[in-house]
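Student: I'd like to ask you about the structure that follows.
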Amino acid sequence: MRKRLEMLRIEHRDLDAAIDALTMAGGGDQLQVARLKKRKLRLKDQIALIEDYLIPDIIA
């Protein structure tokens, strides 16, 4: 599970870099940027779910 979490984090960072590169280029395809942003949000949600699973709730 931790390996999967690390892979998702790496992919999330890679997507962030790709989005930055496309927007810096200026002539980037806006549809492609939107798709990458959607994928990045899905990854963020998956990361949050796995983190919630791995980190137990502490009842104080």
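Student: Need pairs with beta-carbon distance below 8 Å; first residue within 14 Å of Arg42 (Cα to Cα) and within the stretch 1-17, second open to solvent by 80 Å² or more (accessible area, probe 1.4 Å); sequence gap 6+ or separate chains.
Tutor: If the second residue must be open to solvent by 80 Å² or more (accessible area, probe 1.4 Å), the pairs left are His12/Lys44.
Student: Can I ask one more? Take the stretch 33-44 and flag every residue that is open to solvent by less than 80 Å² (accessible area, probe 1.4 Å) and either in contact with a strand residue (DSSP E or B) (Cβ under 6 Å, 6 or more places away or on another chain) or of a type in the set (A, V, I, L, M) (or both).
Tutor: Our first condition is that a residue be open to solvent by less than 80 Å² (accessible area, probe 1.4 Å); within the stretch 33-44, this holds for 33-34, 36, 39-40, 43.
Matches in the stretch 33-44: Val33, Ala34, Leu36, Leu43.
Student: Here is a further query. Can you confirm whether the stretch 46-56 contains a residue that is surrounded by 14 or more Cβ atoms within 10 Å (Cβ to Cβ) and without any contact (Cβ under 8 Å) to a residue 40 or more places away in the chain? Full working, then the answer.
Tutor: The first filter runs over the stretch 46-56 and keeps only residues surrounded by 14 or more Cβ atoms within 10 Å (Cβ to Cβ), leaving 46-47, 50.
From the residues that got through so far, the ones that are without any contact (Cβ under 8 Å) to a residue 40 or more places away in the chain too are 46.
Yes, some residue in the stretch 46-56 is surrounded by 14 or more Cβ atoms within 10 Å (Cβ to Cβ) and without any contact (Cβ under 8 Å) to a residue 40 or more places away in the chain.
Student: If we keep just the residues of the stretch 1-32 that are basic (Lys, Arg) and surrounded by 10 or more Cβ atoms within 10 Å (Cβ to Cβ), which is farthest from Asp52 (Cα to Cα)?
Tutor: Of all residues in the stretch 1-32, those basic (Lys, Arg) come to 2-4, 9, 13.
Among the residues that remain, those that are also surrounded by 10 or more Cβ atoms within 10 Å (Cβ to Cβ) are: 4, 9, 13.
Working: Arg4: 14, Arg9: 15, Arg13: 20 Å.
In this case the residue turns out to be Arg13.
The values are calculated or read from the model by the stated rules, or taken from the named source; none is laboratory data. Please read all numbers here as calculations on a predicted model, not as lab measurements. Because the Cβ atoms are built from the backbone with ideal geometry, glycine has one as well, and the counts that use them run over all protein chains shown. These area figures cover heavy atoms from the full protein model, side chains too; ligands, DNA and RNA do not enter into them. Shrake-Rupley method; radii C 1.70, N 1.55, O 1.52, S 1.80 Å.
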